[in-house]
Amino acid sequence: MAKVKSAFICSNCGHEESKWAGRCPECGEWNTFTEVTKTSAAKGQGAGEKKRGTDSIPLNAIPHESGDRIKTNTEEVDRVLGGGLVRGSSVLIGGEPGIGKSTLMLQVAASTNNANACIAHAPAARTSAARAAAKILYVTGEESAAQLKTRAERLNINETAIEVLCETDLESIVRSFQTIKPSLVIIDSIQTLTSPELGNVPGTPNQIKYCCHEIVSYCRETGCPVFLIAHVTKEGSIAGPKLIEHMVDTVLYFDQSDSELRILRASKNRFGSVDEVGLFTMSAKGLQEVRNPASLFIVHREKQTPPGIIVAPVYEGSRVLMIEIQALVVPAKGAISRVFSDRIDSRRVSRVAAILEKHLSLRFCDQDIYVNVAGGLRIGEVGIELPLGLALYSARTSIPVSAKVAAAGELTLAGEIRPIGHMQRRIRTAKEMGYEIFVGPQSADTGTGASWQAVTDIGSAIQSVFDLDTTQQGRREQKDP
């Protein structure tokens, strides 16, 4: 027989006590404890009984489910997801306020192939008429229905298949799931949901974890995919406990590089790669997909390229992007030199500068280094180390790099240049963009060509790009002010 007992839970942090207290010992708030009742099984109950769902199943006896994905008909979103939505999967998407998360989700809801999704998710017992009546459910806890309608009219969206539910109570939302039987669920946002069992204050860690767990569990059981919109902190990470990222299948971040460009990337994906990026531009009619991003991050100049600038082909996911690396080296303003770089890891910049100082005798220890990537894209692959070294050398010596040169390669601490992947695609993309000379390591998939210049170390790379004697140039000391 089940036993009923009382407990007191803090509505602010979720801390539990066996008796009421005026002040929560965990968060320090006053008068936040509320009494809840819990039901527990009596000791020895169910002994010797078999319960449904508790028996183990042999691996080869598990029924195979089709791996077909649901296309959202938004190419950039499908690319980041790994080809589309997996049935029953949960996707957490975070971004700064006003970046366009709700706009993106509303456009995805309108563009998703609802007919295929309904047929794929509808149980066999349902009739064809019921399948055709399946809906996409948009749960909004931050906006009213009128505000959502205004955005839909601005985006020219008038879909009868989209059901709007303005609700923050978790139990009411789950009941709506059971009534509507949606083919796709969008929660905007997970921080606004509350459950009476954990108090009435939304956004607490326990509220977020519990609401996320309940929604993800329901969608996984019914095979309905769900998008969960989340806020981010000042540090750029998704607000709430880190545990929520382990509950979902995919974690997406929606970043802004400038006033119009938006970048969608995955930090976790159980059903695809985390190297893919989706590119959008924000306009008056919503988010527009970037079809040809190869030249998106290139600055076109009529005059000679200034010192400290070089172009590098970067392999992001399944495509090559031509990006411009900018470097500036100035005398340190204090006793200690500093590195300012938010688009490329500052530790990588310091390591490349140390390699140049060791093997080319260029002094960077008394210099402040500024590094930027045009367009605001964050770059993490090792193939940018050679062009970064060339940009730092150019900035330190005030010798510009030719506008016809592109470079890619990995630098070792010994000053050697190691091969990197997908060299043929990098070279081909650089040629298509009009770059006549490509400098990089020799590898098995590069082939030969008049524009290909294979280099083995940083010294030979400097000679190839700047056409000078690196020994004499490296030993030449710049005059300090």
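Key figures for this structure:
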| quantity | calculated |
| --- | --- |
| Viscosity 1.567 mPa s, 4 °C: Kirkwood-radius Stokes-Einstein D of the stretch 259-401 over Cα pairs, µm²/s | 78 µm²/s |
| Förster radius 56 Å - calculated FRET efficiency between S144 and V330 (Cβ-Cβ, nearest 0.05) | 0.60 |
| Approximate spin-label separation Q304-M433, in nm, with each point projected 7 Å along Cα-to-Cβ | 2.3 nm |
| GluC sites (Glu not before Pro) restricted to DSSP loop in the stretch 280-358 with at most 16 other C-beta within 10 Å | E302 |
| Debye log10 I(q)/I(0) at q = 0.09 Å⁻¹ for the stretch 70-289, Cα point scatterers | -0.32 |
| Ranking of S398, S464 by count of other Cβ atoms within 10 Å, fewest first | S398, S464 |
| Efficiency of FRET from Cβ geometry, Q256 and L155, R₀ 22 Å, rounded to 0.05 | 0.75 |
| Coordinate range along principal axes, alpha carbons of the stretch 393-446, Å, largest first | 33, 31, 10 |
| Rg/Rh for the stretch 274-318, where both radii come from Cα atoms and Rh is the Kirkwood radius | 1.06 |
| Two-decimal Rg to Rh for the stretch 309-475 - Kirkwood Rh, Cα set | 0.94 |
| Rounded FRET efficiency, nearest 0.05, which uses the C-beta distance separating T233 from T34 and R0 of 25 Å | 0.40 |
| Segment S172-V274, length gained on full extension (0.36 nm per residue, minus Cα span) | 33.3 nm |
| Two-decimal log10 I(q)/I(0) for the stretch 143-259, as the Debye equation yields it once each C-alpha is a single scatterer, q = 0.15, 0.17, 0.18, 0.20 Å⁻¹ | -0.76, -0.97, -1.07, -1.26 |
| Extension gain from N73 to A284, taking 0.36 nm per residue of separation minus the Cα-Cα distance | 73.9 nm |
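Laboratory data are not the source of any read-out in this text; all were calculated from the coordinates shown. If you're wondering where the values come from, they're calculated on a predicted model, not measured in any experiment. Note that we place each Cβ from the backbone using ideal geometry, even for glycine, and neighbour counts take in every protein chain shown.
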